[in-house]
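Report on the structure given below.
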Amino acid sequence: MSLPGGIRIRIVLVLVGIVAGALGTAYMIVVPSLERRLVDARLEQLSSLGAPLARKLPADTLLWQDRVESYQVETNARVVAFGVLSKNRQALSVVADSRTKSSRDVQNDPVALAALASGDLEQKWVVVAGEDYAEVAVPAGPETVVLFQAALADSLATVQIVRERLLLATAFALVLALILGLTAAGMLSHRLLRLESAAERIAGGDFGAPIVDHGNDEIGELARAFDRMRVQLAQLDNARKEFVANASHELRTPLFSIGGFLELLADEDIDEETRRGFIETMQGQVQRLARLSTDLLDLSRVDAGQLTVMLEPVDLGGVVEMLAGEIGHLAVSTGHELRTAIDDEVWCLGDDARILQIGRALATNAMTHTPAGTTVTLRARRRSDRAELSVEDDGPGIPETQQEAVFARFYRVEGGMASGSGLGLAIAREIARIMGGDVRLDSEGQPTRFTLDLPAEPIPPGAPRSTQVFSRENAAPTPERVPQG
């Protein structure tokens, strides 16, 4: 069952309940304890005063009335002297009473009978005719009992005053707890309502207004966590918008190019050589679209956590050799000098197809963003328990302020010789991390080096040893195997 008022009423009820429970417990402990202590103190006082006096009672009963009256003054209590009335010692007769009125109220008093039966001092809190009394009975001889009876009205009046003041304090504390609880709960609920409003704004896509709460408690921490979430969501939303805009641009550019060439091909007056050139250009644009669609598919799988890799021992040197064979024609066409530098038997744990994809992205990136004549080196080596595939170039390098940004999606270095989608490095790093590795950049000096770092693996039993050497006897850059020391 939900209470009206929400958390504010719950907080108030809890606070009032705690205060009421605490004061009620104090009342239940303090009042009875105080009452018992005051009564016990009066009984002890009567016992200490009355016992010596009772034993001084003379044997002559004619003197008892004077004595009990003097005892009354000394003890500030009614004093009654009893004699045994029957032979079976179960009935008492009042012989002397300091109170001159009727003594019927103490005839056969249970405390006096108990003292007679036990032969020892007896004391008890009794109620006679609706009045509270402290009674002490002392045997003064085999046939005599002296009863001291003191009214407890004064002592119990103190208890009543304490009881009334505790009840008054309880009522005041409950009212104060109610007021303070409503105030504190109102402040807390106001802060929570602000957080709720901020959450609604964020859910509606409004990331502009910061979430501010200066409290140092849990709600303040929650507000700061909400604000960090707001900033991250704003960044993600901006990245999404930029991604859509960049992807649209990357898709639109080749499509417009293909459309333009198709219109030109419809002109019957163009010669065959020009037509072939148009077709080759369109084929390049189609390949560009195919690469972009593949990259976007890989990114969507990474974001959805659906990109799978097969982790198995991979000969990293063999991958470098295969990569050099694949991109050798690109090095020739771009005027780059391609080299390989492979340590003996470098094995890693990873997916050979994905490692080749990453190496292809790194090598293509090096040749795309450096001028002709730049030397590009594909290197495989082992460092302790890590295996590395690196692509080095002696080009102009990447500014330090842009080194981390090159791994962002659709990013291109300012002033670079950029082409392509700007997704290759982003995808390469994501895939490397799925395989338990990473892609890092070192461009503080020459050479600029992109490194794929993966867990190293021992050489599998029966694995063939790599002996292939690449060479090209022409004017184009020659990939060559560089021995490692």
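The values are calculated or read from the model by the stated rules, or taken from the named source; none is laboratory data. Note that the coordinates shown come from a computational prediction; the quantities given were computed from them, not determined experimentally. For neighbour counting, all protein chains shown are included, and Cβ atoms are generated from backbone atoms with ideal geometry for every residue, glycine included. We work out accessible area using only protein heavy atoms, side chains counted, and drop any ligands, DNA or RNA first. Shrake-Rupley method; radii C 1.70, N 1.55, O 1.52, S 1.80 Å.
Mind checking which pairs have a first residue in segment 9-23 that is farther than 10 Å from LEU178 by Cα and open to solvent by less than 50 Å² (accessible area, probe 1.4 Å) and a second that is at pLDDT 80 or above and among the hydroxyl-bearing types (Ser, Thr, Tyr), Cβ under 9 Å, 6 or more apart or different chains?
ALA20/THR170; LEU23/THR170
Return the only residue of ALA171, ALA177, ALA137 being without any contact (Cβ under 8 Å) to a residue 40 or more places away in the chain and part of a helix (DSSP H, G or I).
Working: ALA177 fails: without any contact (Cβ under 8 Å) to a residue 40 or more places away in the chain; ALA137 fails: part of a helix (DSSP H, G or I).
After ruling out the rest, the residue left standing is ALA171.
So which pairs qualify, if the first residue must be in segment 191-214 and closer than 10 Å to PHE226 by Cβ and touching a residue at least 40 places away in the same chain (Cβ under 8 Å), the second must be surrounded by 12 or more Cβ atoms within 10 Å (Cβ to Cβ) and among the β-branched types (Val, Ile, Thr), the Cβ gap must be under 7 Å, and the two must be at least 6 apart or on different chains?
Nothing qualifies.
For segment 128-157, name all the residues that are more than 23 Å from ALA59 (Cβ to Cβ) and either of a type in the set (A, V, I, L, M) or surrounded by fewer than 13 Cβ atoms within 10 Å (Cβ to Cβ) (or both).
Step one: list which residues in segment 128-157 are more than 23 Å from ALA59 (Cβ to Cβ), which gives 128-135, 149-157.
Answer for segment 128-157, where residues must be more than 23 Å from ALA59 (Cβ to Cβ) and either of a type in the set (A, V, I, L, M) or surrounded by fewer than 13 Cβ atoms within 10 Å (Cβ to Cβ) (or both): VAL128, ALA129, GLY130, GLU131, ALA134, ALA150, ALA151, LEU152, ALA153, ASP154, LEU156, ALA157.
Say we look at segment 26-48 and pick out the residues that are among the basic types (Lys, Arg) and free of Cβ contacts under 8 Å to residues at least 12 places away in the same chain; which of these is least open to solvent (accessible area, probe 1.4 Å)?
Residue satisfying both the conditions and the ranking: ARG36.
In segment 258-284, which residues are modelled with pLDDT of 80 or more and within 57 Å of the chain's Cα centre (by Cα)?
If the condition is that a residue be modelled with pLDDT of 80 or more and within 57 Å of the chain's Cα centre (by Cα), then ILE258, GLY259, MET282, GLN283 are the ones that fit.
Report yes if GLU326 is free of Cβ contacts under 8 Å to residues at least 60 places away in the same chain and of a type in the set (Asp, Glu), otherwise no.
Working: free of Cβ contacts under 8 Å to residues at least 60 places away in the same chain: yes; of a type in the set (Asp, Glu): yes.
So GLU326 fits the description; yes.
Can you go through LEU192, LEU182, LEU292 and tell me which one is of a type in the set (A, V, I, L, M, F, W, C), within 30 Å of ARG360 (Cα to Cα) and either assigned to a helix (DSSP H, G or I) or touching a Lys or Arg at 6+ places or on another chain (Cβ under 9 Å) (or both)? Explain how you work it out, then say what you get.
Details: LEU192 fails: within 30 Å of ARG360 (Cα to Cα); LEU182 fails: within 30 Å of ARG360 (Cα to Cα).
LEU292 is the lone residue from the list that is of a type in the set (A, V, I, L, M, F, W, C), within 30 Å of ARG360 (Cα to Cα) and either assigned to a helix (DSSP H, G or I) or touching a Lys or Arg at 6+ places or on another chain (Cβ under 9 Å) (or both).
Would a scan of segment 91-106 turn up a residue that is open to solvent by 50 Å² or more (accessible area, probe 1.4 Å), modelled with pLDDT of 85 or more and in contact with a Gly (Cβ under 8 Å, 6 or more places away or on another chain)? Working first, answer last.
If we filter segment 91-106 for residues that are open to solvent by 50 Å² or more (accessible area, probe 1.4 Å), which is where we start, we get 95, 99-102, 104-105.
Adding the requirement that they be modelled with pLDDT of 85 or more leaves 95.
Adding the requirement that they be in contact with a Gly (Cβ under 8 Å, 6 or more places away or on another chain) leaves 95.
Within segment 91-106, one or more residues are open to solvent by 50 Å² or more (accessible area, probe 1.4 Å), modelled with pLDDT of 85 or more and in contact with a Gly (Cβ under 8 Å, 6 or more places away or on another chain).
Counting only residues that are part of a helix (DSSP H, G or I) and touching a Gly at 6+ places or on another chain (Cβ under 9 Å), which one in segment 211-229 is farthest from SER189 (Cα to Cα)? Full working, then the answer.
Here is the first cut: in segment 211-229, the residues part of a helix (DSSP H, G or I) are 218-229.
Now restrict to residues that are touching a Gly at 6+ places or on another chain (Cβ under 9 Å): 221, 223.
Details: GLU221: 15, ALA223: 13 Å.
Taking the candidates together, the pick is GLU221.
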